[in-house]
Amino acid sequence: MNEYVKGCLTFIAIVTALIALAVGWFFWSSNKRIKQAEIDGITFSKECDSVKFITEQPEIQLAKFKKNEISVLKFQILRNGKLIEDTLIKNGNAKKSPDTEYKTITIPYKSFLKTDTIVVTTQNKLHYYISGYNHYAYLHYGMAGYLGSHDCRFNDNPTINNEVFLSAVLFREHGWLNPEISKHIKKISPSDSIAYYSFAEKCRIKIKDAERILKEKRKNQVFRTTTINGIEVGPKDSYYLFGEETESGTRPNDLVPRNLKHYVVKINCATGEYKRYSNYPFDN
């Protein structure tokens, strides 16, 4: 083998070794960053969670209310079992959302404790208990992975009347008329599929039975949509919850229904008893 060939082989071996070292270093560094991110995620989360006050003045949306029901909203802070900071907000200050059924309003407190519960009461005496606002650690990443830095961000997915929401929306049908009773009622969301189907499996009336009852009992109206709203678990009885929207008096060429109505259907998980509310929760 001549010197030229030996030189080429030596050069190839050196380049291959350098590439192997570079790849090995990249994976070692990447793995180290991943492990460091896991450690920092826990450390920084504790740091962000130590923030005592909420100063972001979060927004809430009001859904499916009649105008006179939210013309004035009463805000209170529930702190250490006592209601303080009574504040009345006229709905004229609310911002209209693209969906006309939704209106947005800002919680009127510039600062409140993370452990506080915001209580909102509508004109028609529906109560909403909003809690769980907090901050979380947002880790910074670049092209090479975790950069080793972070910032604390506001977590705007509170618990409203015992149910966790991705955003703060006060639905009319979720309001509490009697909080002392309603706070003992738990709702299982269909999004929590394990809990939802596990509970339904224990019921005498199964999900397919409830859906059959829903179809059989449907009123003779122009049908629009049906939604599965979850399971309401109470101290005595539990119910499958469905939502219905119907429209009447609509011509085929109408783009917007002229008479859209919302209903809530409850089907007893043990007996199959059917209840349909056109003005839920007032006519139950």
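Every read-out reported here was derived from the displayed coordinates using simple, explicitly stated rules and does not represent laboratory data. It should be emphasised that the depicted structure is a prediction, and the values quoted were computed from it without experimental measurement. Backbone-built Cβ (ideal geometry, glycine too); neighbour counts: all protein chains shown.
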Net lengthening on full extension, Glu201/Ser111 (0.36 nm per residue, minus Cα-Cα): 27.9 nm
Cross-link table Lys46/Lys114; Lys103/Lys261; Lys52/Lys110; Lys46/Lys103, entries beyond 25 Å C-alpha to C-alpha: Lys46/Lys103
Explain nothing, just compute: Karplus ³J(HN,Hα) = 6.51 cos²θ - 1.76 cosθ + 1.60, θ = phi - 60°, for every residue of segment 172-179 in order, whole Hz, x for Gly and Pro. 4, 6, 9, x, 9, 7, 10, x
Under the rule of at least 5 residues apart or a separate chain, name every residue whose amide H is placed under 5 Å from the amide H of Tyr280. Val264
Quote the FRET efficiency, to the nearest 0.05, computed for Lys261 versus Phe53 with a Förster distance R0 of 30 Å and r equal to the Cβ-Cβ distance. 0.10
Once phi is turned into ³J(HN,Hα) by the Karplus curve 6.51 cos²θ - 1.76 cosθ + 1.60 with θ = phi - 60°, what whole-Hz value does each residue of segment 124-141 show in order, with x for glycine and proline? 8, 6, 8, 10, 10, 9, 10, 8, x, 5, 7, 10, 10, 8, 9, 7, 8, 10
Estimated FRET transfer efficiency (Asn155, Lys82; beta-carbon r; R0 25 Å; 0.05): 0.45
